[in-house]
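Have a look at the structure below, then the notes.
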Amino acid sequence: MRRSGQDLSATLVILVFRVSNRRLDIFVTDRASIEQGFLVRSAYALISIRDPDKRKVRARRSPLLKATLELAFHDAEPRTAFKLPENIRLINEEDAAQIWQFVRALSVEVKTVVVHCEQGMSRSPAVAAALCRGLGQDPARFMTKYQPNAYVLRLITEAAGSLGSQRS
């Protein structure tokens, strides 16, 4: 859902990092912005995160969209003192590994990674922050402006370490 009264640019955080001597920009946003036609001016990849009970995101077609990774897991964290309902699907190690494999496999043509979740406030900033950590960059902007899901952040950060030997 779009945050009323805010300019779209105010809902974004951009972080630039280097991978194999190329520049990638990371944008974090929400589902509504993607469906309304999120504007990216360079070749980009989309990491699309939705709730498992929601339909797939209808991203506007663009010749600049070069790759999409679609994942479905809830914005929830396991708690020792609380049993989650059985219909809640948490991110798992396979999802976390898929994110890293996807980012590492991007062609040099791709200059931007857009990460979105339903509200753009928890799962997608956690993914962006974990990407930063795994690439040796400062995730502070994603940690302070948003409320990253700690479990998502931890699993993706750990996946970066376990896949580290596969880095090019």
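The values are calculated or read from the model by the stated rules, or taken from the named source; none is laboratory data. Only a predicted model underlies this, so the values are computations on that prediction, with no experimental measurement involved. All Cβ positions, glycine included, derive from the backbone under ideal geometry; neighbour counts span all protein chains shown.
Structure values in brief
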| read-out | value |
| --- | --- |
| P125, sole failed condition from (1) over 22 Å from I34 (Cβ atoms); (2) surrounded by 23 or more Cβ atoms within 10 Å (Cβ to Cβ) | (1) |
| Test: H74 is out of contact with any Phe, Trp or Tyr (no Cβ under 7 Å at 6 or more places or on another chain), assigned to a loop (DSSP other than H, G, I, E, B), surrounded by 15 or more Cβ atoms within 10 Å (Cβ to Cβ) and modelled with pLDDT of 95 or more | yes |
| Yes/no for L15 being modelled with pLDDT under 95, under 21 Å from L106 (Cα atoms) and in a strand (DSSP E or B) | yes |
| Candidate set from the stretch 132-168 (those that are of a type in the set (S, T, Y) and modelled with pLDDT under 90); member that is surrounded by the most Cβ atoms within 10 Å (Cβ to Cβ) | S162 |
| Filtered residue count, the stretch 45-58, keeping only those that are farther than 14 Å from A128 by Cβ and touching a strand residue (DSSP E or B) at 6+ places or on another chain (Cβ under 6 Å) | 3 |
| Qualifying residue in the stretch 95-103 (condition: aromatic (F, W, Y), out of contact with any Cys (no Cβ under 9 Å at 6 or more places or on another chain) and at pLDDT 90 or above) | yes |
| Subset tally (residues that are touching a residue at least 24 places away in the same chain (Cβ under 8 Å) and β-branched (V, I, T)) for the stretch 48-100 | 4 |
| Qualifying helices (runs of 4 or more DSSP H) (wholly inside the stretch 97-168; at least 1 residues being small (G, A, S), more than 20 Å from A67 (Cβ to Cβ) and over 15 Å from the mean Cα position of the chain (by Cα)) | 140-145, 150-162 |
